[in-house]
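One structure below.
The values are calculated or read from the model by the stated rules, or taken from the named source; none is laboratory data. These numbers come from a predicted model, not from an experiment. Here the Cβ positions follow ideal geometry from the backbone for every residue, glycine too, while neighbour counts run over all protein chains shown. Note: accessible area is taken over every heavy atom of the protein model, side chains too, but ligands, DNA and RNA are not part of it. Shrake-Rupley method; radii C 1.70, N 1.55, O 1.52, S 1.80 Å.
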Amino acid sequence: MAVMALLSIAVFALQRSLGILDPIFEVCIFHLPALLSLLLYLRESLARRSP
């Protein structure tokens, strides 16, 4: 999850400065998987805490 989040942030920063990727490609390949991995991580960590 941390690697995906860092990759998403790095791609976001590079995209804003260089503008080399199509915005839809950027969202589908980098940001959506990072968001999904974050949500899955939070769901699993909350499931472990509940009795």
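Can you list residue pairs whose Cβ atoms sit under 7 Å apart, with the first residue in region 14-41 being free of Cβ contacts under 8 Å to residues at least 24 places away in the same chain and the second being outside any helix (DSSP H, G or I) and not hydroxyl-bearing (S, T, Y)? Count only pairs 6 or more apart in sequence or on different chains. Hits for this filter: Q15/L21. Filtering region 11-34 to residues that are in contact with a helix residue (DSSP H, G or I) (Cβ under 8 Å, 6 or more places away or on another chain) and either open to solvent by less than 80 Å² (accessible area, probe 1.4 Å) or in a helix (DSSP H, G or I) (or both) leaves V11, F12, Q15, L21, P23, E26, F30, H31, P33, A34.
State all residues of region 1-10 that are part of a helix (DSSP H, G or I) and open to solvent by less than 90 Å² (accessible area, probe 1.4 Å); if no residue qualifies, say none. Passing the criteria: A2, M4, A5, L7, S8, A10.
Can E44 be described as part of a helix (DSSP H, G or I), open to solvent by less than 60 Å² (accessible area, probe 1.4 Å) and among the acidic types (D, E)? So E44 fails the test.
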